[in-house]
Amino acid sequence: MWRAREPLSSVVGTRALSSGAVLVTDLSDVRLALLEPSGESRLIGRAGAGPREYATPTALIALPGDSTMLIDRDARRYLVITPTGQLLDARRFPDAMQSGAEHVRGADRLGRVYFQTSGLPALGGSPFVALQRWDRRSSTFDSIGAVRMPNPQPVKVTPTPEMERELPGMVLTARRIMPFSPEDEWGVAPSGRVAIVRALPYRLDWIELDGRTREGPVVAVQPVPVSEADRRLREPKGPPYRLTYPPTKGAFKGGLVIDPDDNVWVRRETPANATGQPWDVFSASGAHLGTVTLPSRERLIAISKRFVYVSDTDEDDLRWIEAYAR
C-alpha cells in the first residue's frame, strides 16, 4: 500500500499507469498531478490558455501505450500526455462533437474516442441521448448506442428588473433536473467494450466489439427511501422545499470503475448518513458477482493490474490518494 504525500482539493479524473503511478486532475486548484508509488507527486503543465496549458482539466482518457488524453472541458480541446509525463500541444475537438467534448468517457485499443452527444435530453422529448465513437485517424463518427439521462423539468424564472423594463410581461423558462432522477452510467473497458449500467431496470449491458448489445440479468434491489436528511442536504434553507423529490432513490449513484478484467464496479445509493459505501461488482458477462463496502469517506477511483486506488477525504475536505496492492 502507498499513500500520496500531498493532498488534493478535488479528484475529477484519474488514469492508472502500468508503472503503478496514477495521473489525477484537480479541477478546484486547476492542476494535473502525477502521483508515484513512492508517494512523491509531480505537477504536469500549468493553468492557462497556451498550447501546453489547460483551463478546466477534467477527464483523463486512457490511450494505447500508456499515453493519456486530458480533456480541457470549457476550451473544448484536449492535450495528449506521453508515457513519460510530457504534454503535447492542445488540439481542438472536431466541430461535429463540440457539444459532446465534455462528455468523453473513454477510448479503445485503436485510440478511437467514445462520447455522449449531450449532457441532457431535449425538453419534453425522449430521455435518451446518443453515444458515438470518433475515429481520430479517419475523422469519422459512428453511433454505438444510447443512454438514459435525467429528464429535465421546465421551471419558470423570474426576470430581472432590467429585463422586465426592456420586455414587459416576458416569461422565462429554464430546465431543472429534479433530485434522484433515473440516469444510466457508462464507460469504456480496456478491451474496447462499452459498459452501460441501466437505471430502469437495474442491470449491466455490454456493447460488444462487433456492435451487438448483450443485456445482463436484472438485479433486484431494496429501494432506499428519500429522507428529510436527503432534502436538507440539497436545500439547507428548507423546509419548505422548492424541488420535487421522489419517494425512493435509484439503485446507484454516478460514477463507475472498470478493472483490467472488464469487471464493472458500481457505486450504490445509500441513506444520507450511511457510514459505509457499497459497491456492486459485475462480471465481464454482466452477472452480478457481489457487493464490496468501503468506508463512506473513501471513494474507489481506479483499478489497475497492480493496484486499487481510492480517494480518502479527511475532516478538512482534502483528498488523499491511496493505492492498495491487488
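The values are calculated or read from the model by the stated rules, or taken from the named source; none is laboratory data. Since the model is a prediction, treat every value here as computed from it, not as a measurement. Here Cβ is always computed from backbone atoms with ideal geometry, including for glycine, and neighbour counts include all displayed protein chains.
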| Selection within segment 62-73 - out of contact with any Leu (no Cβ under 8 Å at 6 or more places or on another chain) and either in contact (Cβ under 8 Å) with a residue 24 or more places away in the chain or within 20 Å of Trp186 (Cα to Cα) (or both) | Ala62, Leu63, Arg73
| request: Run down Thr275, Thr270 and say which single residue is under 22 Å from the mean Cα position of the chain (by Cα), among the hydroxyl-bearing types (Ser, Thr, Tyr) and closer than 20 Å to Pro295 by Cβ. | output: Thr270
| query | What do you reckon, is Val292 at pLDDT 95 or above and crowded, with 19+ Cβ neighbours inside 10 Å? | reply | no
| Taking into account only those residues within segment 262-289 that are among the aliphatic types (A, V, I, L, M) and within 27 Å of Pro247 (Cβ to Cβ), which is surrounded by the most Cβ atoms within 10 Å (Cβ to Cβ)? | Val266
| task | Sort through Val12, Val30 and tell me the only one that's at pLDDT 95 or above and on the phi > 0 side of the Ramachandran plot. | result | Val30
| How many residues does segment 98-144 contain that are surrounded by fewer than 19 Cβ atoms within 10 Å (Cβ to Cβ), at pLDDT 90 or above and over 23 Å from Leu79 (Cβ atoms)? | 5
| query | Within segment 74-97, can you find the residues that are without any contact (Cβ under 8 Å) to a residue 12 or more places away in the chain and either surrounded by 13 or more Cβ atoms within 10 Å (Cβ to Cβ) or within 22 Å of Ser118 (Cβ to Cβ) (or both)? | reply | Asp95
| message | Cβ-Cβ distance below 7 Å, separation of 6 or more or different chains: which pairs start in segment 164-175 with a residue that is of a type outside the set (A, V, I, L, M, F, W, C) and end on one that is surrounded by 10 or more Cβ atoms within 10 Å (Cβ to Cβ) and modelled with pLDDT of 75 or more? | response | Arg175/Leu120; Arg175/Pro152
| remark: Of those in segment 157-180 that are touching a strand residue (DSSP E or B) at 6+ places or on another chain (Cβ under 9 Å) and outside any strand (DSSP E or B), the residue surrounded by the most Cβ atoms within 10 Å (Cβ to Cβ) is Phe180
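Per-residue answers, yes or no, for (1) in a strand (DSSP E or B); (2) surrounded by fewer than 12 Cβ atoms within 10 Å (Cβ to Cβ); (3) out of contact with any Cys (no Cβ under 9 Å at 6 or more places or on another chain); (4) not hydroxyl-bearing (Ser, Thr, Tyr):
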| site | (1), (2), (3), (4) |
| --- | --- |
| Ala146 | yes, no, yes, yes |
| Val155 | yes, no, yes, yes |
| Pro190 | no, no, yes, yes |
| Ile196 | yes, no, yes, yes |
| Ala220 | no, yes, yes, yes |
| request: Give the number of residues within segment 295-312 that are crowded, with 17+ Cβ neighbours inside 10 Å and within 19 Å of Pro271 (Cα to Cα). | output: 2
| task | Report, by residue number, each residue of segment 22-47 that is under 14 Å from Val12 (Cα atoms), part of a loop (DSSP other than H, G, I, E, B) and either touching a residue at least 60 places away in the same chain (Cβ under 8 Å) or among the hydroxyl-bearing types (Ser, Thr, Tyr) (or both). | result | Ser28
| Check on Arg214, surrounded by 12 or more Cβ atoms within 10 Å (Cβ to Cβ) and in a strand (DSSP E or B) | yes
| strands (runs of 3 or more DSSP E) lying entirely in segment 65-118 (those with 2 or more residues that are under 21 Å from Val30 (Cα atoms)) | 68-72, 77-81, 104-107
